[in-house]
1. Sort 273-280, 257-264 by the packing proxy (mean of other Cβ within 10 Å over each peptide's residues), most packed first.
2. What shape does the range 348-402 take by its C-alpha gyration tensor, where a ≥ b ≥ c are the square roots of the eigenvalues and a/c under 1.5 counts as rounded, a/b above b/c as prolate, and the rest as oblate?
3. Order of 154-164, 191-201, 515-525 by packing, highest average Cβ count within 10 Å first?
4. Given R₀ = 51 Å, FRET efficiency for S527-T337 by Cβ-Cβ distance, to 0.05?
5. So if R0 is 30 Å, what FRET efficiency would S89 and A213 give, r being the distance between their Cβ atoms, rounded to the nearest 0.05?
6. Can you give the direction-averaged projected area of the convex hull of the alpha-carbon atoms in the range 398-470, in nm²?
7. Direction-averaged shadow area of the convex hull around the Cα atoms of the range 322-585, nm²?
8. What is the packing order of peptides 418-424, 486-492, 565-571, taking the mean over residues of other C-beta atoms within 10 Å and listing the highest first?
Amino acid sequence: MRYFRYLPILLIILMLGYGVTAQEPLGVTVNCDNGRTITNGIPITVVQMRTGFTYTATAMGINGFDPVLAVVDASGNGLCTDDTPEVASYTASLPTTGYIAGSATNAQITFSNNSGQPFADVTIIVGGYEDQGGEFIVLLEGMALTQADNIGDPFTIQITPGMVASGVPLTVYQISVTNVFDPLIATVDSEYNFVQLDDGSYIACDDAGNPNACFGQSSDLSSSYITRSGNRQLPGGPLDAMLTFPLSPEFAGQYINFLMRSSSMETFGDYVVVFHAGIADKQPSSPPVQPPSQPTPAPLPGGGTGGTTGGTGGTGGTTGATGAVGGSVEVVDGWATLTCDDGRVFPNVTTFIIRDAAPGANFLVTALGVNGFDPYLAAMDADGTIRCVDNSAEAATYNANLPTTDVVAGSPSNAQAVMTNNLDQNSSVIFFVASANNQPGEVVIFLEGLELSPQDTNGDTVAYQISPAMSGVDFSVYQIALTNDFDPFIAVVDSEGNFVQDSNGLYFTCDNAGDRNTCWGNSADLSNSYYIARDATARLAGGPLDAMLILGTPESLIGSVVNLQMRSSNMATTGGYVVVFHFGLNPQATNTSAPATGGDGGGGDGGKGGF
């Protein structure tokens, strides 16, 4: 990750009136006039808010989160509110949230700059009811860019430890109320200069979804909308802007300054600012029951004998270069380079492994591009035969709707391949994902052909390597049952099949997505999710028992292999299921770190390091 030069602006939330105190372990504390206390608050400051105008802040919880709102001015005076019946029916749909249902726990405050000064700082603080953690969006209405706003409207947000621990990236949207206004969001320093990276590019966004006009990952907002005051639906448009920032621990306590303006300051008008963020629980949830251990997975196929692959944090031995009909893969220092029979070469491809597949097992892998991304696939059978695939007519009609993607439309650039264990013993099969045109973007992968049987006492293991190209979008995995009788369960395991824990002692597991007591991190009930394969009659709907994990792509783990155990809750049910992966690919990212080194992998003669 490249570190941004965010310089804190001189804004201090004064410890007066409503008792805003210094940052607690998770966030700021606000003692409200109704006796309630927010202790995990996230402060969002509108810098130099104009007097004589009325503004409205609305907080909408995601997946059951109950937000509490406070608005505090520079003198320490303010307002607190919890549930607001007038906004219970508000809904929204944004690229980073998916559909947000209405809730009676939504909160709203209408406020003004009553400081007596023409301009004054006003801070909006969002927390969780009774220190609850979760995800939310905050909508700020009443903003307008005029010709008198020389450089635009500045905002600042303090990154709290609770935001970082939640695992939810911070995303900021600027949505125009009129068609004539062309929004632009930029990060700025304390002198309102645009922040630049070492390569000279700005951390800014003009038209979301345009990689030439937006920093990082973004999506065209034409299919998005929010609900604003008066229960009016405000659609997004192709000129609206968004910026997303994955948050790592070094961000805690820092300030990010945003400038809301128009493209080239040539258009003016009203707009709504939306912040999407998360807050961690004050107390960690109890971990689920530990599963029985499983034997060490079998080595990977390849030119060398190879060693076992490690779990999160390290890798074992390596496969050697694999020559085969249709293409070859060479692993050097842990990084796989794919060479296909059409002459294309893809360095540092993203690698997935299905471990210990039974003899004769077949798997179908389908890659869907998100917002125009063109994926490229290569599938390797157990004997090393590789098939490279670009566009597949069979996959053109595949589409999906998932919490981390929203609607993914069908496309002729989708790719599909079959993998087979064509050996007479349990063996691994592998597939590789790349960008067909060397452009960054997001991809959804469907893996079909998996089934949990009573003989699979420890579940099925699917692994992937965190490659440098996977930066920018959190890695998400879903397990969706083919029947109502099967209750999926996902766990991150080490090479011995033991559940892996985070720094708080919580297991990286998920039983029922959307249930915070049974899922690590952030997840959403999959009852409103689906994917459609081949034609409209082959629709697979998600359900309340399906599982998902959002694991991110930590820079410190680039090169590591992550083992995902696909099983059922308490191993009490069996049946077929589909595994879905959603992640980002930036083939222009360079490998600046050596791959993580594993334990006693016992690398084979055919290669060295990494796999």
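Read the figures in this text as sums done on the coordinates, not as results from a lab. Computed from a predicted model, the values in this text were never measured in an experiment. Virtual Cβ from ideal backbone geometry, glycine too; neighbours counted across all protein chains shown.
1. Peptide ranking by packing, descending: 273-280, 257-264.
2. Prolate, since a/c reaches 1.5 and a/b exceeds b/c.
3. The most tightly packed comes first, giving 154-164, 515-525, 191-201.
4. 0.80
5. Efficiency, from the Cβ-Cβ distance: 0.30.
6. Quarter of the Cα hull surface area: 7.3 nm².
7. Result: 13.3 nm².
8. Sorting 418-424, 486-492, 565-571 by mean packing, highest first, produces 486-492, 565-571, 418-424.
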